[in-house]
1. Of all accessible surface on the chain at a 1.4 Å probe, what whole percent is carbon and sulfur?
2. With a sphere of radius 11 Å drawn around the Cβ of residue 148, what net charge do the other residues whose Cβ falls strictly inside it have (Lys, Arg +1; Asp, Glu -1)?
3. Quick check for you: with a 1.4 Å probe and neighbouring chains kept, what is the accessible area per residue of the chain, in Å²?
4. Taking the structure as given and computing log10 I(q)/I(0) by the Debye sum over Cα atoms at q = 0.08, 0.09, 0.18 Å⁻¹, which label from [x] -0.38, -0.46, -1.25; [y] -0.30, -0.37, -1.19; [z] -0.27, -0.34, -1.48 fits?
5. What percent does the relative contact order of segment 114-185 come to when contacts are Cα pairs within less than 8 Å and at least six residues apart?
6. Counting helices only, and only those DSSP H runs with n ≥ 4, report the 222 nm mean residue ellipticity of the chain as the sum of -39,500 (n - 2.57) divided by its residues, in deg cm²/dmol to the nearest 500.
7. Under a 10 Å cutoff between Cα atoms, tell me which one of 158, 136, 95 has the largest fluctuation in the Gaussian network model of the chain.
8. If I take every Cα pair under 8 Å that is 6 or more residues apart in the chain, average their sequence separation and divide by the length, what percent do I get for the relative contact order?
Amino acid sequence: MKTEDLIGVLAQDAPVAWRLSSRLAVAFSLGALIATTLFALAVGVRPDLLAVGGSARFLFKFSFALALLLGAAGAVTRIGRPGVGPGPWAFLLVALPIALALAVMVELFVTPEALWGTRLVGRNAAFCLTVIPILALAPLACLIIALRDSAPSRPGFAGAVAGLAAGGIAATLYASHCPDDSPLFVAVWYSSAIAMVVAAGYLMGARFLRW
């Protein structure tokens with residue numbers, strides 16, 4: 001049997017796909033539980049959450065993080081099988097940076113130029129860069145372990161997508177604590193923190209998910 005044929009058979013093997021989906025569901029649940037517990041014990045939600053929860057900036061920030069989580073989670077369930085890409089989830093993952101860029105443009109338009117720097121730097125930039133990667137550690141480890149028994153065609157890419165999903169979990173949790181709601185802040189600091197998790201995922205995938 002040719003390698004391409006073997007990959008095709010494995011990719012369409014329903015029992016294999018079912019076992020992978022089950023492992024990933026456990027990995028997501030366990031990783032999210034650990035991250036949520038750590039968040040609750042060490043970080044916590046912002047005290048004015050009820051007051052600001054309905055504002056446009058907060059809703060965009062939280063929705064962006066949640067959509068990133070959902071898109072990356074959907075992609076992870078596919079890329080563990082050989083020859084299978086992220087599928088339709090790729091469209092959501094591509095649309096999110098575009099939406100964020102549009103939100104930044106709107107923010108710049110409605111905010112006086114003198115306040116751009118303040119909105120960009122915010123109050124918790126260093127904390128954001130620290131907390132999101134830390135919260136993402138357990139979910140990323142759980143996902144990499146779950147993917148180890150799979151056969152992704154591109155191990156590094158699979159690890160990077162797992163990192164994106166783990167970063168999405170961490171960012172969604174952190175969004176409920178972060179007092180900086182500006183899309184400018186999200187574009188720079190959330191993206192940078194998540195990028196660190198994606199890079200770690202790529203390295204872990206290339207190391208641990210090779211055939």
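The values are calculated or read from the model by the stated rules, or taken from the named source; none is laboratory data. Owing to the predicted nature of the structure, the values given are computational and were not obtained by experimental measurement. As a convention, Cβ positions derive from the backbone with ideal geometry for all residues, glycine included, and neighbour counts pool all protein chains shown. Side chains included, ligands, DNA and RNA excluded: accessible areas come from the protein's heavy atoms. Shrake-Rupley method; radii C 1.70, N 1.55, O 1.52, S 1.80 Å.
1. 72
2. After counting each charged neighbour, the total is +2.
3. Values: 10570 Å² over 211 residues.
With the other protein chains kept in place, the chain gives 50 Å² per residue.
4. Matching entry in [x] -0.38, -0.46, -1.25; [y] -0.30, -0.37, -1.19; [z] -0.27, -0.34, -1.48: [y].
5. Over segment 114-185, the number comes to 58 percent.
6. Values: 9 runs with 156 residues, N = 211.
Taking each H run of at least 4 residues, the total per residue is -25000 deg cm²/dmol.
7. So, out of 158, 136, 95, the one fluctuating most is 95.
8. Once divided by the residue count of the chain, the mean separation gives 32 percent.
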